[in-house]
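Trainee: A single structure is presented below for examination.
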Amino acid sequence: IEIVRFGAEASRKHLLMTILSEMQRYYEMLKDTWRSLGYRKAIATLKKQDHKIRFASEARELPGIGDRIAIKIEEIVRTDRLRRLDYAKMDPEDEALRLFLGIYGVGGVKAQKWVDAGYKTLDDIKTHVRLTSSQRIGIEHHEDFQQRIPRDEVKQHGDIATRVAHEIDAELKLEILGSYRRGAKDCGDIDIMITKEGVEAHAITEILCELVEKLFEIDFLQCALATPRGLDNGTKWHGASKISPGPWRRIDFLVVPWVERGAALLYFTGNDIFNRSLRLLASKKGFRLNQSGLYKDVLRGTDRIKFTDGALVEGESEEKIFKILGVPYRPPEHRIC
Ligand code: DCP
Ligand code: MG
Ligand code: MN
């Protein structure tokens, strides 16, 4: 997608419209008249709109925009892309595409680009493409990273991280989340949340740096990997760990302020589809849910600059977030969609 740079605001709106039009054409091509029409209506509405839309809850207020498109609008505005569209263009049967998608740090757009260029194997990519260092590691350890990690090994990695963390500060609390907390018998990676009673955002980066350094020293951590764009503000760390002589495993750390632990727990437990549906539900009820808390949207004034992220309603307790949203508490094992 070509974007003419004519002022950040205008070009972002242009990008939004372009992506929505592509979705509309995609459904038209599939002869899905209903969805195609939905996008057509949304585009027409947004064209007339002159203030910036940031949240799904705002988009939904506009005539002709339903929940599903509203969520997509928020995704585009936030991330400058729409994942659904990346996948819409792909052939799930394409073996090379599946191979490339399995590489750490390679998303849909890049994988499709390589397929379009005629590449078929990891060797093709290694010889012909300029890679980021994370992608290179992703290819070199592709086999390791593709393997599922047995639950008890995940626990062992967690135990090592916890032991070392406690050498730094005995009050640090570590918990393995992700599929492990949902009770999976094997996991794709190891997700560890770190917090401490009373700890605030500004103290976090230091804890994380110190822990990572120590874990490298004992040859537990093997490499750092770039975190997905937009998520890394010094609170998240991606890399690989190993219990010798075993394979390299993907490991993620998330360090969170004490007051955000409930929302972070909820987010990092997943699964991602469950998170999506909970966020959608929150947005239907006029809230906004993310990994730091549940927020009540502050409505925009006539002056669009007056936007805020909304007032924090709850961040400390997972149970309370469910309660406020009016959903019965769902134990982690049942958060699979
Ligand atoms: N998450 C999310 N949206 C994403 C990525 C992650 O909501 N796009 C949340 C939900 C996930 C959690 O973070 O459960 C951890 O992410 P993982 O990618 O590690 O996914 P899982 O741990 O659920 O599964 P796996 O066993 O494949 O690691
Ligand atoms: Mg995981
Ligand atoms: Mn993970």
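Trainee: Which one, Ser36, Phe100, Val129, projects farthest toward the positive side of the charge dipole computed for the range 1-140 from Cβ point charges (K/R +1, D/E -1)?
Mentor: Final value for the positive-end residue is Ser36.
Trainee: Once phi is turned into θ = phi - 60°, what whole-Hz ³J(HN,Hα) does the Karplus curve with 6.51, -1.76 and 1.60 give for every residue of the range 188-203, x standing for Gly and Pro?
Mentor: Karplus-based 3J(HN,Hα) across the range 188-203 equals x, 7, 10, 10, 10, 9, 10, 8, 7, 3, x, 6, 10, 3, 5, 8 Hz.
Trainee: What distance in nm lies between label points placed 7 Å from Cα along the C-beta direction at Asp123 and Glu210?
Mentor: For Asp123 paired with Glu210, the spin-label model returns 4.9 nm.
Trainee: How about the range 1-85: which chymotrypsin sites (Phe, Trp or Tyr not before Pro) there lie in a loop by DSSP and see at most 14 other Cβ atoms within 10 Å?
Mentor: Phe6
Trainee: Separate question: Taking θ as phi - 60°, what are the ³J(HN,Hα) couplings along the range 235-248 by the Karplus curve (6.51, -1.76, 1.60), each to the nearest whole Hz, with x for Gly and Pro?
Mentor: Along the range 235-248, the couplings run 10, 10, 9, 10, x, 9, 10, 8, 10, 4, x, x, x, 5 Hz.
Trainee: Multiply the residue gap between Ile243 and Lys155 by 0.36 nm, knock off their C-alpha separation, and tell me the result in nm, one decimal place.
Mentor: In short, 30.5 nm is gained.
Trainee: Count the net charge of all other residues whose Cβ sits under 9 Å from the Cβ of Ser283, scoring Lys and Arg as +1 and Asp and Glu as -1.
Mentor: Every neighbour counted, the sum reads +2.
Trainee: Given 10 °C and 1.306 mPa s, compute D for the range 210-259 with the Stokes-Einstein relation, Rh being the Kirkwood radius over Cα pairs; round to the nearest whole µm²/s. Working shown, then result.
Mentor: Details: Rh = 11.7 Å.
Diffusion coefficient, whole number: 136 µm²/s.
Trainee: Could you give each residue of the range 91-96 its phi-based ³J(HN,Hα) in whole Hz, using Karplus coefficients 6.51, -1.76, 1.60 with θ = phi - 60°, and x for Gly or Pro?
Mentor: Taking θ as phi minus 60°, the curve returns 9, x, 7, 5, 5, 4 Hz for the range 91-96.
Trainee: Can you tell me which of Arg81, Arg163, Arg276 moves the most in a GNM of the chain? Springs connect C-alpha atoms under 10 Å apart.
Mentor: Arg163
Trainee: Given all pairs of different Cα atoms, what value in angstroms does the Kirkwood hydrodynamic radius of the range 230-273 take?
Mentor: So the Kirkwood estimate lands at 12.3 Å.
Trainee: In terms of the ratio Rg/(2.2 N^0.38 Å) built on C-alpha atoms, what value belongs to the range 35-87? Before the final figure, lay out the partial values.
Mentor: Numbers: Rg = 10.4 Å, N = 53, 2.2 N^0.38 = 9.9 Å.
Rounded to two decimals, the normalised Rg is 1.05.
Trainee: Okay, helix-only estimate at 222 nm for the chain: each DSSP H run of n ≥ 4 adds -39500 (n - 2.57), divide by all residues, round to 500 deg cm²/dmol; what do you get? Write down the numbers at each step before the final one.
Mentor: Values: 16 runs with 165 residues, N = 337.
The helix-only estimate for the chain comes to -14500 deg cm²/dmol at 222 nm.
Trainee: While we're looking at this one, here's another question. Can you give the net charge of the other residues whose Cβ lies under 12 Å from the Cβ of Glu22, counting K and R as +1 and D and E as -1? Write down the numbers at each step before the final one.
Mentor: Numbers: positive: Arg25, Lys72, Arg81, Arg84, Lys89; negative: Glu28, Asp86.
So the environment of Glu22 carries a net charge of +3.
Trainee: Could you list log10 I(q)/I(0) for the chain at q = 0.07, 0.12, 0.13 Å⁻¹, which the Debye formula gives when each Cα is one point scatterer?
Mentor: After summing over all Cα pairs, the log10 values are -0.34, -1.03, -1.19.
Trainee: How far, in nm, would the chain grow between Thr45 and Lys320 when pulled straight, counting 0.36 nm per residue and subtracting the alpha carbon separation? Spell out each step's value before the answer.
Mentor: Details: separation 275, 0.36 × 275 = 99.00 nm, distance 3.65 nm.
Separation in residues times 0.36 nm, less the Cα-Cα distance, equals 95.3 nm.
Trainee: Evaluate Rg over Rh across the range 99-231, taking Cα atoms for both radii and Kirkwood's formula for Rh.
Mentor: Working: Rg = 17.5 Å, Rh = 17.0 Å.
Value, to two decimals: 1.03.
Trainee: Using the membrane-span-like helix rule (whole DSSP H runs, Cα extent along the own axis of at least 30 Å, mean Kyte-Doolittle hydropathy at least 1.6), which helices of the chain qualify?
Mentor: Sorted by number, there is nothing, because no helix extends far enough and scores high enough.
Trainee: Taking every pair of alpha-carbon atoms in the range 138-206, what share in percent sits in each 10 Å bin, from 0 to the bin with the longest distance?
Mentor: Pairs per bin, as whole percents: 18, 41, 30, 10, 0.
Trainee: Starting from the eigenvalues of the Cα gyration tensor, five times each then square-rooted, give me the equivalent ellipsoid semi-axes of the range 1-140, largest first, whole Å.
Mentor: Each semi-axis is √(5λ); the values are 33, 18, 12 Å.
Trainee: Determine the sum of side-chain charges near Phe100: Lys and Arg each +1, Asp and Glu each -1, restricted to other residues whose C-beta is under 13 angstrom from that of Phe100.
Mentor: Its environment carries a net charge of -2.
A short reminder: the numbers here are calculations on the coordinates, not readings from a lab. For clarity, every value in this text was computed on a predicted model and none was experimentally measured. Every residue, glycine as well, gets a Cβ built from its backbone with ideal geometry; the counts of neighbours run over all protein chains shown.
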